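Beneath this line is the structure, given in structure tokens, with notes to follow.
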Amino acid sequence: MKQQNQPDLFSSLATPFRVPVAKPMLPKAQALMPYLEKLDESRTYSNLGPVSQRLKQRLDRLFGLTHGGCALTASGSAALIGAILATAGRADKKRVALCPSYTFVATVSAVQNCGYDPHLVDVCANKWTLDPKALINHARLGEVGLIVVTAPYGRLPDLAAWSAFSTDTGIPVVIDAAASFDVLLRNRKPLPKAVPVVLSFHATKAFGCGEGGAIVCAAPDMLLRAVRAINNGFLGNRNVIGDNINGKMSEYHACVAMAALDEWGPKLAQFKFTASAYVQAAKSWGMKPLPMIGGPTSFAYGLARLPTDAHAQELREQLHGAGIDSRFWYGYGLHAETDFGPFACDKMPITNTLSRRLLGLPFFGDLPAEAMHDICQIMARVLAVSPATPLQSGAQL
Ligand SMILES: *Cc1c(COP(=O)(O)O)cnc(C)c1O
């Protein structure tokens, strides 16, 4: 790409699409005011102040955490680093960290920032993430000091199985469930004590406050270590304990999150309403398989699973031609990045296929019916082409 100067670089980020792939909506300024005014009174703008303490209580209750609780962070990335420091600490003798290649870049960046050498592992075809049964036989397990398991598109892995894996092997496991806020609320199973679950409250997630996140801990000692890890090693006094960063949530972001939580009920209802209209539109075009929205995955995404790479590429191109954006959210896997890595990595047959066929469609609460109609019409047309018929295929993401 041509080198660009600063203003052009930022203006080029503006979407040229009639229908963007995501269109976040956070609380309006007016809804923030009652919370922001509390800051004028408290004059506490960060440092686990009253608004973030209140937010923590609300989230703990929402997740049914009677022991432990949420350590609130400045971002999902900070929560990942905090969770790693709280469980495994910085890399020491066992420097290898296993993670999926099919994930957002932040998973591996957090691992690197804690001093580990990432080793990328292929995902399992059913769950789209690491399989504890397969990993127990991994050739490098003896060198492994950390495993980070992604919940792709918010889809949760078997948390109990990972907890058992961690207890049996003694290897710390962190769940990167950054996009799982709404999925975690639908998950009625109790959270395992040994494994922290990381959330992001980035604007593009189903529940967002701009930038923010949480380390969800089901055990009090885990919560204590997580809060210290993201609070410069402090808790209660000036005694620094353990590896740490400043990764805590500011009171300003806590204000946005409080207002977002007030609106969560209606927001979720709108997600459900729009998702069901989308699926109805897909059905009316005779589309199979139907788009995946909500259920096991987060309402932050609308996913289409195409039968071949060429179908996915063709769909992307046809949507693009109609002014509609789409995205391979995790690229073609981190092993395929050209200017990041290279990392030690296993063979990637499943990631190579899945990443090229699971396409992110536009989805957001107020996605217009007309856009859904256009998307489904294009998709039905592309899907009607038999996999045996050659389709033209580009190589761009
Ligand atoms: C969004 C996301 C992150 C990063 O969260 P931030 O809040 O943007 O730092 C990490 N992992 C996954 C899987 C994500 O979806």
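Details
- Candidates SER298, SER355: the one that is at pLDDT 95 or above, part of a loop (DSSP other than H, G, I, E, B), among the hydroxyl-bearing types (Ser, Thr, Tyr) and crowded, with 22+ Cβ neighbours inside 10 Å is SER298.
- Candidates in region 196-220 are the residues that are assigned to a loop (DSSP other than H, G, I, E, B) and more than 16 Å from the ligand (Cβ to nearest atom); of these, the one that is nearest to GLY295 (Cα to Cα) is ALA218.
- When ALA83 is tested against (1) more than 15 Å from the ligand (Cβ to nearest atom); (2) surrounded by 17 or more Cβ atoms within 10 Å (Cβ to Cβ); (3) in contact (Cβ under 8 Å) with a residue 12 or more places away in the chain; (4) closer than 19 Å to ALA179 by Cα, just one condition goes unmet, and that condition is (1).
- Region 153-180 - residue that is surrounded by fewer than 24 Cβ atoms within 10 Å (Cβ to Cβ) and among the aliphatic types (A, V, I, L, M) and, of those, nearest to the ligand (Cβ to nearest atom): LEU156
- Selection status of LEU184, within 15 Å of the ligand (Cβ to nearest atom) and under 20 Å from LEU65 (Cβ atoms): yes
- Note on region 304-334: residues that are assigned to a helix (DSSP H, G or I) and either away from the ligand (no atom under 16 Å from the Cβ) or closer than 25 Å to ARG18 by Cβ (or both) total 13.
Let's see how each residue does on (1) over 30 Å from ALA31 (Cβ atoms); (2) touching a residue at least 60 places away in the same chain (Cβ under 8 Å); (3) not hydroxyl-bearing (Ser, Thr, Tyr):
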position: GLY213; (1), (2), (3): no, yes, yes
position: GLY233; (1), (2), (3): yes, no, yes
position: ASN237; (1), (2), (3): yes, no, yes
position: LYS248; (1), (2), (3): no, yes, yes
position: CYS255; (1), (2), (3): no, yes, yes
position: TRP264; (1), (2), (3): no, no, yes
position: GLN280; (1), (2), (3): yes, no, yes
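- Residue count for region 93-152, restricted to those that are within 10 Å of the ligand (Cβ to nearest atom) and among the aliphatic types (A, V, I, L, M): 6
The values are calculated or read from the model by the stated rules, or taken from the named source; none is laboratory data. A quick note: this is a predicted structure, and the numbers were derived from the prediction, not measured. Ideal geometry is used to build each Cβ from the backbone, glycine not excepted, and the neighbour counts take in all protein chains shown.
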